[in-house]
Amino acid sequence: YPDIGKGTVIQAVLRIREYEGVLEGDIVSMEKSDDSSFKGQLETLKEKSISIKHIDFLNKTAVLEKLRPSMEKAARMIIAAIYENRPIILRHNADCDGYSAEISLERAIVPLILENNKDEFSQWRYYRRSPSKAPFYAYGDAVLDLVTATNDMLKNGLSEPLVIIADNGSGEEDLLAIQRIKTYGCPVIVIDHHFIKNDVVSPVVDVNISPYLAGGDSRLCSGMLGVELARMINPQAEGIIFLAALSGFGDKVKPEDMKTYIEVAEKEGYAVDYLKKLAPCID
């Protein structure tokens, strides 16, 4: 079908069959459709699917409220990527704070991917997590992500991936790698709490979620931001709330500065002494 390209509205006849417990459709024939309203209907359905409900933060602070527009934009981008079967690459710092942010986001994202595709293999096809040894998004990591993404695009016809960088990504040392990723058309979301001397990243990325951009500081660490964002993405996500307090202990935040997160963790059965012992294990 040389006259049919990506983005063309078509009518197709499929032969439906079951393969390893999953329904698949083999194309028997297809032709261009003259239904001019279809794309509009599809866009309406997409907008409805990526809408998010207002959710109160676990920690009701002025800093988080100032970050709400950025976090809601990031949540809609992630949900849209899931809806469109756009691959998601989650890069994170390989410490307790980075893992806490990653686990909370993963536990929100993967169930939605499975729900959208009804296929257990979709979580491996459309989601990939990579810890970074360097305390920033290294250029080598960006090249590795691009190689993987390019192979998927060429072999499987997938779109450019959405790249989420957690507990990294907001400093000048991250800029070159992010610019490389953006050159290939990848949308980028940064979730970080490290001190920003010169904000050179925000003009380059699609969303930069940092307490320093809202009058806060590193006491609101990446794991806490990850938990709050994950609740926006998927309010039914399980096993994530205690990770906010865990990330705080990992980053040596004083208990009085994360009282709310400790309280919600204790309500879920995670004692302070246990979290204090768990954090250095993950580090």
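The values are calculated or read from the model by the stated rules, or taken from the named source; none is laboratory data. What you see is a predicted model, and the numbers here were worked out from it, not measured in a lab. Here the Cβ is made from the backbone with ideal geometry for all residues, glycine too, and neighbour counts use every protein chain on show. Accessible surface areas use protein heavy atoms only, side chains included; no ligands, DNA or RNA. Shrake-Rupley method; radii C 1.70, N 1.55, O 1.52, S 1.80 Å.
Of the conditions (1) modelled with pLDDT of 90 or more; (2) in a strand (DSSP E or B), residue 67 fails just one. Which one is it?
Single failed check for residue 67: (2).
Report every pair of residues separated by at least 6 positions or lying on different chains whose Cβ atoms are under 8 Å apart, first residue within region 30-46 and surrounded by 11 or more Cβ atoms within 10 Å (Cβ to Cβ), second in a helix (DSSP H, G or I).
46/80; 46/83
Tell me which of these residue 147 doesn't satisfy, since it passes every other one: (1) aliphatic (A, V, I, L, M); (2) surrounded by fewer than 17 Cβ atoms within 10 Å (Cβ to Cβ); (3) within 19 Å of the chain's Cα centre (by Cα); (4) not in a loop (DSSP other than H, G, I, E, B).
Result: residue 147 passes all but (3).
Among 275, 220, 225, which is within 19 Å of residue 136 (Cα to Cα), of a type outside the set (Lys, Arg) and either in contact with a strand residue (DSSP E or B) (Cβ under 7 Å, 6 or more places away or on another chain) or without any contact (Cβ under 8 Å) to a residue 60 or more places away in the chain (or both)?
Checking each option against the conditions leaves just 225.
Go over the candidates 182, 197 one by one and state the one that is in a helix (DSSP H, G or I), free of Cβ contacts under 8 Å to residues at least 40 places away in the same chain and of a type in the set (Lys, Arg).
After applying the criteria, what remains is 182.
Would you mention how many residues in region 122-144 are assigned to a helix (DSSP H, G or I) and not aromatic (Phe, Trp, Tyr)?
The qualifying residues number 8.
Within region 160-167, is even one residue open to solvent by 10 Å² or more (accessible area, probe 1.4 Å), in a loop (DSSP other than H, G, I, E, B), under 24 Å from residue 62 (Cα atoms) and at pLDDT 95 or above?
Within region 160-167, not a single residue is open to solvent by 10 Å² or more (accessible area, probe 1.4 Å), in a loop (DSSP other than H, G, I, E, B), under 24 Å from residue 62 (Cα atoms) and at pLDDT 95 or above.
List, please: which pairs have Cβ atoms under 6 Å, are six or more places apart or on different chains, and start with a residue in region 49-76 that is more than 17 Å from residue 105 (Cβ to Cβ) and end with one that is of a type in the set (Val, Ile, Thr) and part of a helix (DSSP H, G or I)?
59/260
Going by what's in this entry, would residue 119 be described as in a helix (DSSP H, G or I) and open to solvent by less than 60 Å² (accessible area, probe 1.4 Å)?
The answer is no for residue 119.
Out of 264, 253, I need the residue that is more than 26 Å from residue 110 (Cα to Cα) and either open to solvent by less than 50 Å² (accessible area, probe 1.4 Å) or in contact (Cβ under 8 Å) with a residue 12 or more places away in the chain (or both). Which one?
253
Report yes if residue 228 is in a helix (DSSP H, G or I), of a type in the set (D, E, K, R) and open to solvent by less than 60 Å² (accessible area, probe 1.4 Å), otherwise no.
Here the answer is yes, as residue 228 does meet what is asked.
Within the bounds of region 246-261, is there any residue that is modelled with pLDDT of 95 or more, of a type in the set (A, V, I, L, M, F, W, C) and under 22 Å from residue 164 (Cβ atoms)?
Within region 246-261 (the criterion being modelled with pLDDT of 95 or more, of a type in the set (A, V, I, L, M, F, W, C) and under 22 Å from residue 164 (Cβ atoms)), the answer is yes, since at least one residue qualifies.
Please identify the pairs in which a residue from region 3-22 that is without any contact (Cβ under 8 Å) to a residue 12 or more places away in the chain has its Cβ atom under 8 Å from the Cβ atom of a residue that is open to solvent by 100 Å² or more (accessible area, probe 1.4 Å), counting only partners at least 6 apart or on another chain.
16/23; 17/23
When you check residue 91 against the structure, is it in contact (Cβ under 8 Å) with a residue 24 or more places away in the chain, buried (at least 16 other Cβ atoms within 10 Å of the Cβ), not in a helix (DSSP H, G or I) and not hydrophobic (A, V, I, L, M, F, W, C), yes or no?
yes
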